[in-house]
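Undergrad: Would you mind keeping the following structure in view while I ask a few things?
The values are calculated or read from the model by the stated rules, or taken from the named source; none is laboratory data. Quick caveat, the model's predicted, so the values are computed rather than measured. Glycine also receives a Cβ, built like all others from the backbone with ideal geometry; neighbour counts cover every protein chain displayed.
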Amino acid sequence: MSINSNALSTYKLLKATAEVAEQSLEGRIQHYRAHLKSEDKELRTYTQKAAADLLGVNNRTLKRRHDQGDFDHLSIQKGANGHYAYTLSNIFAMAEILGIKADHRDPSDKLQVLVINSLKGGCGKTTSLVNLAAALATTNIKRYRIGIIDLDPQGSSSSFFPSNEHDPITVGDLMRDCIELDEGETWSQLVADSFQKTHIPNIRILPSGMDDFYFEHETATELKESSSYEETRHYHKLKERVIQPVEDEFDIILIDTAPSLNFMFYNALMASTAMLIPVHPEAVDFDANNKYLKRLGEIYHTVAALGHDGWDFMQFLVTNYVKGNHSQRDIVKDVRTAFGRQVMSYPINHSSAITASSSSFNTIFDQKTSDSLASRESLLRAQENIKDVVDELEMLIRSNWSSTQSNLD
Ligand SMILES: Nc1ncnc2c1ncn2[C@@H]1O[C@H](COP(=O)(O)OP(=O)(O)OP(=O)(O)O)[C@@H](O)[C@H]1O
Ligand SMILES: [Mg+2]
């Protein structure tokens, strides 16, 4: 087969562009690491007052327990000012010592698998997911065990929770069955180890990688070659190969997706117990969203016919909302009129603190107010806003756990 000479030039141009892109990417990673001052990303530390607030005890109690030596074995570091600088791991260990129990789901309660998806690129899926996850994990003392699965080969949410490993196993590797087990290793162990620890002690991430794109092509080939669904179970791979083996290790799994209704997304749907659809309140985005919803219904029909159990909830989340912008306000009104109670009560507002922290792949909960590139007021306002959204999300999640139901009775 001969290649047209112009196509060959185009190919050469693309190869050269790819090299430049790779160098640029490497440069950005280096810059980002230098910015962190260490290879490992570190979470902010907390003052004694902030630690006491998070633990729900008063400052004097903490001081007394320190004086009694109850926390000595935790080797809590002191900052340059001579005061304790608690890490979140320190605070979680102190909670155990103080008898404050972790509030995990009961084993009989269903693991919540929340998928965030929209066909609209750039509507805030990743930004919302990483900040909601960080808020769920760090703004209370419940120590939810949170897993993030990055099902977008672009790897945006993986960048917010970088792995210390050079070449981590990705979700696509597991779904595509291209990892060999070590001697004596079980599949469950391999999957559990693939959920990497992150700088937030109760969040683990299963990252994505560029090769995960091959899943699409391979699934299409499998579909062509096999006759019955049982031969490949191509929409059950995420659920059966990745989530079920580690089900007992998590309370909540959040899945970030690409702006595409691809085979990965069918897998996300099959694994999901709930769905969050971000809506950016601009006219073109809202119209695109309405077309997407029509298509989503059709796709869900396929997934339901193959055995999906249905969602516990489906919510729209208004994202990147510019307060005071009249046309956006009108669109939010339309969204609420159309979808009623299925719209989260609070939008995620547009925030310079979110823009600033995202530019260095941080959530707004990773940094101390003094380290933020945005103003203190803007960071605190954004944190309060995300906490309001998370309170509602947590209520929606917990209303499916019977152990919580009995607390409410
Ligand atoms: N609340 C917000 N405040 C400020 N900037 C925001 C906010 N939400 C999203 N953004 C910005 O909008 C851009 C797109 O957001 P994001 O990457 O989260 O979208 P996405 O839906 O995940 O995109 P993709 O479809 O490519 O995966 C980013 O630059 C992000 O920083
Ligand atoms: Mg994204």
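Undergrad: For the stretch 303-359, how many residues meet the condition of being part of a helix (DSSP H, G or I), without any contact (Cβ under 8 Å) to a residue 60 or more places away in the chain and either away from ligand 1 (no atom under 16 Å from the Cβ) or not small (Gly, Ala, Ser) (or both)?
TA: 20
Undergrad: If you take the residues in the stretch 80-102 that are among the small types (Gly, Ala, Ser), touching a residue at least 24 places away in the same chain (Cβ under 8 Å) and farther than 27 Å from Pro245 by Cα, which one is nearest to ligand 1 (Cβ to nearest atom)?
TA: Ala85
Undergrad: Suppose we keep only residues that are assigned to a loop (DSSP other than H, G, I, E, B) and touching a helix residue (DSSP H, G or I) at 6+ places or on another chain (Cβ under 7 Å) within the stretch 130-147. Which one would you say is farthest from Phe250 (Cα to Cα)?
TA: Thr139
Undergrad: Now for a different question. Residues in the stretch 255-288 that are polar (S, T, N, Q) and either on the phi > 0 side of the Ramachandran plot or surrounded by fewer than 20 Cβ atoms within 10 Å (Cβ to Cβ) (or both): how many? Before you say what the answer is, go through the steps one by one.
TA: Of the stretch 255-288, the ones polar (S, T, N, Q) are 257, 260, 262, 267, 272-273.
Subsequent filtering for residues that are either on the phi > 0 side of the Ramachandran plot or surrounded by fewer than 20 Cβ atoms within 10 Å (Cβ to Cβ) (or both) retains 260, 262.
Summing the residues that are polar (S, T, N, Q) and either on the phi > 0 side of the Ramachandran plot or surrounded by fewer than 20 Cβ atoms within 10 Å (Cβ to Cβ) (or both) in the stretch 255-288 gives 2.
Undergrad: Scan the stretch 1-60 for residues that are among the β-branched types (Val, Ile, Thr) and at pLDDT 65 or above and jot them down. Give the steps one after another, and end with the answer.
TA: Going residue by residue through the stretch 1-60, those that are among the β-branched types (Val, Ile, Thr) are 3, 10, 17, 20, 29, 45, 47, 57.
Those that are among the β-branched types (Val, Ile, Thr) and at pLDDT 65 or above: Ile3, Thr10, Thr17, Val20, Thr45, Thr47, Val57.
Undergrad: Any idea how many residues of the stretch 340-366 are aromatic (Phe, Trp, Tyr) and within 17 Å of the chain's Cα centre (by Cα)?
TA: Counting residues in the stretch 340-366 that are aromatic (Phe, Trp, Tyr) and within 17 Å of the chain's Cα centre (by Cα) gives 2.
Undergrad: Let me ask you something else. Would you check if there is a residue in the stretch 103-119 being of a type outside the set (A, V, I, L, M), within 16 Å of ligand 1 (Cβ to nearest atom) and in the same structural domain as Leu276 (by TED's automatic domain parsing)?
TA: Just the residues of the stretch 103-119 that are of a type outside the set (A, V, I, L, M), to begin with: 103-110, 112, 117-118.
Keeping just the survivors that are within 16 Å of ligand 1 (Cβ to nearest atom) gives 117-118.
Those left that are additionally in the same structural domain as Leu276 (by TED's automatic domain parsing): 117-118.
Checked against the condition, which is being of a type outside the set (A, V, I, L, M), within 16 Å of ligand 1 (Cβ to nearest atom) and in the same structural domain as Leu276 (by TED's automatic domain parsing), the stretch 103-119 yields at least one hit.
Undergrad: Hey, another quick one. Any residue at all in the stretch 120-133 that's more than 12 Å from ligand 2 (Cβ to nearest atom), over 30 Å from Asp287 (Cα atoms), at pLDDT 95 or above and crowded, with 24+ Cβ neighbours inside 10 Å?
TA: So far as the stretch 120-133 goes, no, none of its residues is more than 12 Å from ligand 2 (Cβ to nearest atom), over 30 Å from Asp287 (Cα atoms), at pLDDT 95 or above and crowded, with 24+ Cβ neighbours inside 10 Å.
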